[in-house]
Amino acid sequence: MGKLTLLDANDAVADDRIITHPGLTSDDARLRLAQFGPNAMPDNAANPWRMALARFWAPVPWMLELAILVELVVGDIIQAAVIAALLVFNGILGFLQESRAQATLDALRARLAISASVRRDSAWRTVPAPELVPGDIVKLSLGGMVAADVRLIEGDVLLDQSTLTGESLPIEGTSGQEAYAGTLVRRGEAVAEVLATGIRTKFGRTAELVRTAHAASSQQVAVLRVVRNLAIFNAAVIVFQGFYAGSLGLTVTEIVPLLLTAILAAIPVALPAAFTLSAALGARALAREGVLPTRLSAVDEAASMDVLCVDKTGTLTRNELAVTEVRPMPGFDEAQVLGFAALASSDGGQDPVDAAIHAAASGKTGRDLPALVRFVPFDPARKMSEAVAQGLDGRSWRMVKGACAVIFGLTQADAAAEVIAEELAAHGYRVLAVAAGPEAAMRLAGFIALSDPPRADSAALISELRTMGVRTVMLTGDAPTTAGIVAHAVGIEGAVEPPSADYSAIPDNAAVFAGIMPEDKFHIVQALQSRGHTVGMCGDGANDAPALRQAQIGIAVFTATDVAKSAAGIVLTEPGLGGIVAAVHEGRVTFQRILTYTLRSLTRKTDNMLFLTAGLIMTGHAILTPTLMVLLMLTGDFLAMSAATDNVRASPKPNLWRIDNLTIAGLIMASCNLVFCCSTLAVGEFYLKFDIDSLRTLAAVTLVFSGQAVLYVVRERQHLWHSRPSNWLLASSVTDVMIIASLAISGIVMTQLPAMVVVSVLAAAVAFAFVLDTVKVTIFAHLKMV
């Protein structure tokens, strides 16, 4: 072939030179392999150790790490170990979540781990697909997979590109047409020239989109904002305590324990673990419904989802051709039309059109058909297949099936036939004409309309999601006409949008995006997210992987490819789409549980800090010791995690993290609780004349009992008696109360208090719960938190 001229990588796909059939030489191939690299996805995986360490360098881990440091300073090794275990647990969870993108790339890379028949040195040979280079001449055969982006230069094939483009119908590939890596050859054989390999293929660009796809979890954003608000408030209070203690003339040995106690009170150490536990329990409940969450964050993200983008082919539809309608012409019936078409179709091959016709014909019985003598396969040049048969009268019959225009030419069809064909085509069907009869007297028997029909449960899914406040948007590579018809059939109403170079201005009434590529789906999801939507994406193919990864909640259906399942946050493990509704419902239940613990933490951490300050002002001393505060953390924060099992009601509409409203509600209820705690402390100091050690015990008992009151108030969005707490929550409350009451009455770890005082505080806390509940109902209604 002479000296090889190296191609610029950016021009590889656009290289239009005709490569002669001898193909490249081995030397040429080696040079191009060195220039363009292997026909495989590059391994850009981050160092696992770096990924693992990164999980411990972020605001939430810093919060836990500070708590561990404080515990070590005060010498509480056990409590430091407990918090460290929480830190490691959350770090491992985050590491596993981050590894999902790499798993997706591994699945994409495995798709290219095939062999290819390539012509090198004027001879055909089989080489691993990664060794293909631009300019290679390859052979495409029945049942094989196209290993790179190619241009056909000889032969005819039927190409199935549904997993890449989303087009439900296979396309005819002839000389001059392009085919993409990952395409399946359903019929025929062809020779093609390689245009692009590896990351420069359309399949490769899909992999790159998956690697770069990222959407911030609304749960992560919520945790960071809660921690930020608490940190700002508590830091100001701690500074005030330090200056005030200094103004009172307290010594350094008295001020240091005071500040350490305040720091311990300020840190919601169990908040991340409570989020994780709630999501894990939600995931376990979903597993029983045939829904497998691959990332725990996907469980609570489902609660906030207000837009669900759905792939058409294989998700809303069955991804298999079926005979939708048969229109016989006068003198023929449906059974005859299907019977003639079946005779003119291959039996047992991979052609989906022929398979659909045989399936429809097998369920029809009619008049006796001619006996098959010879079958002639579909010829793309003639656009028809045919059969020769022997009729009951012994005469030779000819049956043909193919493009309407071709069959019309063979039968001299009238205008009425053309009207029928156009009517069926207008519905988005693939229309075939069937003719039969003696060679010299063939007549048009009828028409067969084929389509990829919707799943039986698609319409019900769309309807139920609509009642739950979730808008459904269809994304498909199919033509606008077909997409619009399927959308209408399943209940998706709105504008049908064509592909665009810029999706930043998506119309509000857009319901269908048709004729789009994988990168378009990715950018549409991004555009919706930029408008403040929490976006779900449901798909089944490799073409959906980037959008599945970018969406806050990616959902892969039961029949999805490994690539789609790896990219998704939720995988449906049973046929049907009912798991999507189950995921939304369970996500909203999980959200309510997480909301309860978050509101409880905001309220408790705020009133703890305020009470420590008020106690310092009232007594002139630290009202709690670091040891007592550690005890309250163990009996309060960790036992309150049982709220993750509580009986809650799922909200009828998508949930949102309204952190500002949540903070306002927490501050108001914390202020109410502060009044209760200060009143109890005042009774102990001024009426019962307790010394400072007894007051500290009274403060600890008051905080625990009032904490239980706050928990039972915030767990219910209406009045606290509207729902029954879970058994685990009741058990943890009894345990919390019994522990602090026993220690206070017996004088273990703290100064002893009379039993009557402890019981009186408990009774007062119960009464306070009903007062606080009245305030809560008013606040929640005003802040729209019901």
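The values are calculated or read from the model by the stated rules, or taken from the named source; none is laboratory data. In this text the structure is predicted, and so the values were computed from the model without any measurement. Neighbour counts are summed over all protein chains in view; Cβ atoms, including those assigned to glycine, are modelled from backbone coordinates with ideal geometry. Remember, those area values only see protein heavy atoms, side chains included, never the ligands or the DNA or RNA. Shrake-Rupley method; radii C 1.70, N 1.55, O 1.52, S 1.80 Å.
Things worth noting here:
- Every residue from the range 636-666 that is touching a Ser or Thr at 6+ places or on another chain (Cβ under 6 Å), in a helix (DSSP H, G or I) and open to solvent by 10 Å² or more (accessible area, probe 1.4 Å): L639, S642, T645
- Of residues in the range 403-430 being of a type outside the set (A, V, I, L, M, F, W, C) and farther than 27 Å from A489 by Cβ, the one most open to solvent (accessible area, probe 1.4 Å): Q412
- Looking at A643, A614, A582, A568, just one residue is in contact (Cβ under 8 Å) with a residue 60 or more places away in the chain and either under 25 Å from E685 (Cα atoms) or of a type in the set (K, R) (or both), and that residue is A614.
- Subset of the range 260-291 [over 18 Å from V223 (Cβ atoms), modelled with pLDDT of 80 or more and touching a Gly at 6+ places or on another chain (Cβ under 9 Å)]: L286, E289, G290, V291
- Among the residues of the range 667-721, those identified as part of a helix (DSSP H, G or I), charged (D, E, K, R) and in contact (Cβ under 8 Å) with a residue 60 or more places away in the chain are E685, R696.
- Reported count of residues in the range 535-560, each being open to solvent by 10 Å² or more (accessible area, probe 1.4 Å) and of a type in the set (V, I, T), is 1.
- Every pair of residues 6+ apart whose Cβ atoms lie under 6 Å, when the first sits in the range 217-234 and is closer than 13 Å to T534 by Cβ and part of a helix (DSSP H, G or I) while the second is modelled with pLDDT of 75 or more and open to solvent by 30 Å² or more (accessible area, probe 1.4 Å): S218/W657; A222/W657
- Scanning the range 574-623 for residues that are farther than 25 Å from S458 by Cβ and outside any helix (DSSP H, G or I) turns up G620, H621, A622, I623.
Every residue, every condition in (1) surrounded by fewer than 20 Cβ atoms within 10 Å (Cβ to Cβ); (2) out of contact with any helix residue (DSSP H, G or I) (no Cβ under 6 Å at 6 or more places or on another chain); (3) assigned to a loop (DSSP other than H, G, I, E, B); (4) modelled with pLDDT of 85 or more, yes or no:
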residue	(1), (2), (3), (4)
D106	yes, yes, no, no
R109	yes, yes, no, no
S117	yes, yes, no, yes
T126	yes, yes, no, yes
K139	yes, yes, no, yes
A147	no, no, yes, yes
E154	yes, yes, no, yes
T163	no, no, no, no
E172	yes, yes, no, no
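- All of (1) within 25 Å of V563 (Cβ to Cβ); (2) open to solvent by less than 30 Å² (accessible area, probe 1.4 Å) hold for A190 with one exception: (1).
- For the range 759-768, the set of residues classified as within 16 Å of S679 (Cβ to Cβ) and surrounded by fewer than 21 Cβ atoms within 10 Å (Cβ to Cβ) consists of S760, L762, A763, A764, V766, A767, listed by residue number.
- Of all residues in the range 414-466, those satisfying the criterion of being in contact with a Phe, Trp or Tyr (Cβ under 7 Å, 6 or more places away or on another chain), among the small types (G, A, S) and in a strand (DSSP E or B) are A433, A436, G437, A445, G446, A449, S451.
- Qualifying position, being closer than 16 Å to D452 by Cβ, open to solvent by 20 Å² or more (accessible area, probe 1.4 Å) and in a loop (DSSP other than H, G, I, E, B), among G532, G515, G477: G515
- Within the range 518-565, being small (G, A, S), closer than 23 Å to V496 by Cβ and touching a Pro at 6+ places or on another chain (Cβ under 8 Å) holds for one residue alone: A547.
- When H523 is tested against (1) in contact (Cβ under 8 Å) with a residue 60 or more places away in the chain; (2) open to solvent by 10 Å² or more (accessible area, probe 1.4 Å); (3) part of a helix (DSSP H, G or I), only condition (1) is not met.
- Qualifying positions in the range 247-267 - of a type in the set (G, A, S), assigned to a helix (DSSP H, G or I) and loosely packed, with under 12 Cβ neighbours inside 10 Å: S247
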